[in-house]
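Beneath this line is the structure, given in structure tokens, with notes to follow.
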Amino acid sequence: MIIAAAAAVTVLAAGCSSQDEGEKGASGDSGGTDTTAAAVQAARWYQNAVNSDDWTKACGLRTERYRHGSVKECVADNAPKAESPEPSATESDEFPPLRRADGSVVRGKPKPSATGPDKAKTGEVKASAPQSVPAIGDHPAGTGVRVEYTVTWPDSTTTSRKAVRVVKQGDTWLVDQSEDIAESDEAHGNPVRDALMRG
């Protein structure tokens, strides 16, 4: 999976403008403009994969440091866990029931089930504002990219904004950091850099 994911981001980004072409990946071999475009595309494809819960692809687009292990381990840590559609047992069903002094049984509380609200729908991911960002802590120097998309629930819609650090490893652009852009970051002149430099 690691080889396939790395290959997915090594094809030339020149001319790639549609989301359908996003599966081809990004390479930075053709000079400054194409290098910047490749970094932006890598950030956008990564966020699209995260939003669609495609953790095999998302983890393959991360650096080994940011994965905290192999792609398989990263997927296991991040992928949504399958939930049973049946109501879950109560606490008192799993252990011997607690009894009061008068002999009556203490009823357990039902555990959370899969009947909660549906997952929010996310809009198209837009990526922009590429800029050089210096190393900080364990994060190497790289390119900071702003990504944003709408998040729609049944009764509200908000916009999510993130700063993504993309670094070049060989011919491949990989994501090494992703931070929410806070209102305090927006208040300054460089929200991408401010968010990524928090570490």
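Across the range 178-191, a minimum of one residue is classified as of a type in the set (A, V, I, L, M) and surrounded by 19 or more Cβ atoms within 10 Å (Cβ to Cβ). Against the list (1) under 16 Å from A49 (Cα atoms); (2) open to solvent by 40 Å² or more (accessible area, probe 1.4 Å), the condition V147 fails is (2).
Applying the criterion of being open to solvent by 60 Å² or more (accessible area, probe 1.4 Å) and not small (G, A, S) to the residues of the range 123-144, the residue that is farthest from the chain's Cα centre (by Cα) is D138.
Looking across the range 178-199, the residues that are acidic (D, E) and part of a strand (DSSP E or B) come down to E179, D180. In the range 14-52, of all residues being at pLDDT 95 or above and touching a Pro at 6+ places or on another chain (Cβ under 6 Å), the one that is least open to solvent (accessible area, probe 1.4 Å) corresponds to A39.
Take the conditions (1) out of contact with any Lys or Arg (no Cβ under 7 Å at 6 or more places or on another chain); (2) crowded, with 19+ Cβ neighbours inside 10 Å; G170 misses just one of them, which is (2).
The values are calculated or read from the model by the stated rules, or taken from the named source; none is laboratory data. Owing to the predicted nature of the structure, the values given are computational and were not obtained by experimental measurement. So basically every Cβ, Gly included, is an ideal-geometry build from the backbone, and we count neighbours across all protein chains shown. When the accessible area is computed, the model is the full protein with side chains, heavy atoms only, and any ligands, DNA or RNA have been set aside. Shrake-Rupley method; radii C 1.70, N 1.55, O 1.52, S 1.80 Å.
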